[in-house]
1. Taking R0 as 30 Å, what's the FRET efficiency between Gln32 and Asn274 from their Cβ-Cβ distance, rounded to 0.05?
2. In whole percent, how big is the carbon plus sulfur part of the accessible area of the stretch 59-152, probe 1.4 Å, protein atoms only?
3. Between (i) 30, 61, 9, 0; (ii) 26, 48, 25, 1; (iii) 28, 52, 19, 1, which entry matches P(r) over Cα pairs in 20 Å bins from 0, in percent as derived from the coordinates of this structure?
4. Local charge sum around Trp103 (other residues, Cβ-Cβ under 14 Å, Lys/Arg +1, Asp/Glu -1)?
5. Report the net charge of residues surrounding Phe71, where surrounding means a beta-carbon distance below 12 angstrom and charges are Lys +1, Arg +1, Asp -1, Glu -1.
6. Who wins for biggest fluctuation among Arg126, Arg289, Arg86 in a Gaussian network model of the chain, springs between alpha carbons below 10 Å?
7. Per residue, what accessible area does the chain have, given a 1.4 Å probe and all protein chains present, in Å²?
8. Can you give me the % of accessible surface on the stretch 157-311 that is carbon or sulfur? Probe 1.4 Å, all protein chains present, nothing else counted.
Amino acid sequence: MTPDAVAEIESPYAAPAPEMAGGFLRRERTVQDVDEQAALLDTLDQRYEQLSAGRYSGGLLEISFDGVDVFRERIDQSVQQRGVGRDVYWTFATALELSAPAWWDGGFIEADTVICFEPRREFDLRTPRVAECVGFSVTDERLQRHLATCGSVDARAKLRGRSVVTRDRARQDRLRAALAEAIDMATRFPALFEQPAPRILLVDALLQRLADSLETQPVAQRLDSSRQTHVAQRSRDYIYARVSEPFSIAELCEAVGCSRRTLQYAFESVFGVNPVSYIRAVRLNGARRDLKSADRATSVQETAARWGFWHLPRFAGAYARMFGELPSATLRAARAGYSQA
């Protein structure tokens with residue numbers, strides 16, 4: 001795209017980047033105009049040109065919280081999309097459906113591609129007549145903080161100038177599934193995300209799916225047994241000190257002073273499980289204690305959210321595998337005891 005072409009886009013960078021601060025917001029909008037569609041996603045400054053003939057129909061469903069925006073966009077006409085990524089926001093997207101290959105950054109892409117919109121970098125995308133995608137936008141600071149725990153001195157250097165994150169179907173499937181599940185849970189159980197813990201753990205999961213797609217996993221630092229024990233015990237102490245508070249794996253790595261791979265190596269050596277499984281077990285036990293001492297006002301959904309579980313069916317399945325009964329059964333038993341008291 002030439003400088004003149006960029007100037008044709010309505011005031012790139014003119015509008016301030018959106019403030020997606022604390023709290024949780026879910027929005028769903030349907031439009032019948034291509035210009036309205038272009039204005040829906042706040043983290044991209046863009047213009048759409050409708051290329052195929054017919055009445056336009058499109059829409060956007062998004063959830064916004066804590067500097068992150070997760071979205072699903074549908075377009076029912078072929079559209080040329082030109083613009084720039086807004087300052088401080090990285091946006092990543094992948095297709096749920098494409099009726100034909102799309103044109104992106106000078107070449108055709110298939111539905112198994114994860115693409116990257118870099119802050120202040122021009123983009124040129126043409127979608128086919130039917131296109132549906134999912135994606136998320138995240139602040140530069142939060143992205144860097146997460147990727148730094150993956151062992152890079154300057155993690156963003158892996159993404160700068162990289163318009164395609166991956167074309168690997170398995171990696172794309174994992175990221176796409178996580179995004180689709182996030183939107184589904186926010187639609188079905190919006191109250192889950194009113195508490196900070198599920199939001200933090202959801203973002204951590206999405207960023208880790210992205211990091212996995214970069215194919216830049218560092219080699220784990222070789223630790224002697226005393227160092228393994230030190231890392232594992234410091235991590236365990238941090239987990240128990242913060243178990244009732246929301247924190248991410250990135251924060252745990254920063255507190256202990258190690259990479260994700262080193263953390264995983266130490267946990268598997270000392271505790272026999274990876275850190276995510278260990279934290280999940282601790283939180284499941286905490287949720288069970290709350291359910292066992294519940295009063296009439298307590299709900300499974302509220303308890304799951306308080307302990308950081310943003311996917312209710314997955315929480316119920318993990319709980320049943322761990323304790324041999326569903327959380328609802330634990331709650332019923334607690335209420336029965338409460339009634340008899």
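The values are calculated or read from the model by the stated rules, or taken from the named source; none is laboratory data. Because the structure is a prediction, the values reported are computed rather than measured. Here Cβ is always computed from backbone atoms with ideal geometry, including for glycine, and neighbour counts include all displayed protein chains. Each accessible area value is taken on the protein alone, full model and side chains, heavy atoms only, with ligands, DNA and RNA left out. Shrake-Rupley method; radii C 1.70, N 1.55, O 1.52, S 1.80 Å.
1. Result of the calculation: an efficiency of 0.05.
2. That share works out to 47 percent.
3. (iii)
4. My count for the surroundings of Trp103 gives -1.
5. -1
6. Judging by the Gaussian network model, the answer is Arg289.
7. 45 Å²
8. Details: 3200 of 6950 Å².
Here it works out to 46 percent.
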